[in-house]
Amino acid sequence: MTCPSCGQRKARRSCPALGRDICAICCGTKRLVEIRCPETCGYLAASRHHPAAVVQRQRQRDFLALAPTLRDLTDRQQQLAVVMLGTIGAHGAVETLDRIADEDVAAAAGALASTYETASRGVIYEHRPQTAPAQRLGAALRELVEELARAGGRPVERDASAALRAIERGVSAARSTLGERPRAYLDLVSRMIRPASEPSPSAPETAESGLILPG
């Protein structure tokens, strides 16, 4: 049987994510990139213990592409950025007619950062992005920041603003590294940030464990 993923090679590996057989090359190159592999997949487990050279190179590229997002931030700001990226990744995984794209991520992050920066000068004004997907993401990020502030018992808007600006810059930097695909940054986030099974907004310090560092 021909691999349904590439339509060229013979399908020899059972893919639990797709519910059918695919070829070894598609399994190796599209794993966790185009195919959302379950944790029960034996090929996924084996690749984590013995990653192929192509996977290692991809991890290195991904780490370099994500680095501008976390560069020049304090530890706390980095932790906030990683928690925010988890929320961004969750929104990016939702398939809708107006599915979120990288430009929406940058717009949402930039608008919310502007809102916090304006408030720090004593002016209350909500900056809103133009697109509906960016507005939904911005609302989710603002709710996240408010939950973190309540749980920690102190304001986090200043650090959140720095993290949001870093994400805004990171979108542009990643596209120059990964190409001009509409969801290059979102795909990067989905590969690099493991969503927590039970997110804990009260403990952003633990969120950095979700960052998949290169092996």
Worksheet entry | Sites S14 and A67 - FRET efficiency at Förster radius 35 Å, r taken between beta-carbons, to 0.05 | 0.45
Worksheet item: Tally Lys/Arg at +1 and Asp/Glu at -1 over every other residue whose Cβ is under 15 Å from the Cβ of A101; what's the total?
Response: -3
Worksheet entry | Dmax and Rg, reported as Rg then Dmax, of the stretch 57-210 (C-alpha, Å) | 14.5, 48
Practice prompt. Using 0.36 nm per residue of separation minus the Cα-Cα distance, give me the extension gain between Q130 and R150 in nm, one decimal.
Written response: 4.3 nm
Discussion item. Angle check, please: helix 53-70 long axis (alpha carbons) against the longest principal axis of the chain (alpha carbons), in degrees 0 to 90, nearest 10.
Written reply: 10 degrees
Practice prompt. Please give the contour-minus-distance gain from V94 to R158: 0.36 nm per residue of separation, less the Cα-Cα distance, rounded to one decimal in nm.
Written response: 20.1 nm
Worksheet item: Sorted by average packing, counted as other Cβ atoms within 10 angstrom per residue and highest first, what order do 12-19, 91-98 take?
Response: 12-19, 91-98
Worksheet item: Expressed as a fraction of 2.2 N^0.38 Å, the rule-of-thumb size for a compact globular protein of N residues, what is the C-alpha radius of gyration of the stretch 2-140?
Response: 1.37
Worksheet item: What order do you get for 75-85, 114-124 when each peptide is scored by the mean count of other beta carbon atoms within 10 Å, highest first?
Response: 75-85, 114-124
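No value in this document is a laboratory result; all are computed from the given coordinates. Just so it is clear, the structure is predicted and the values come from calculations on it, not from any experiment. Using ideal geometry, Cβ is built from the backbone for each residue, glycine included, and neighbour counts are taken over all protein chains shown.
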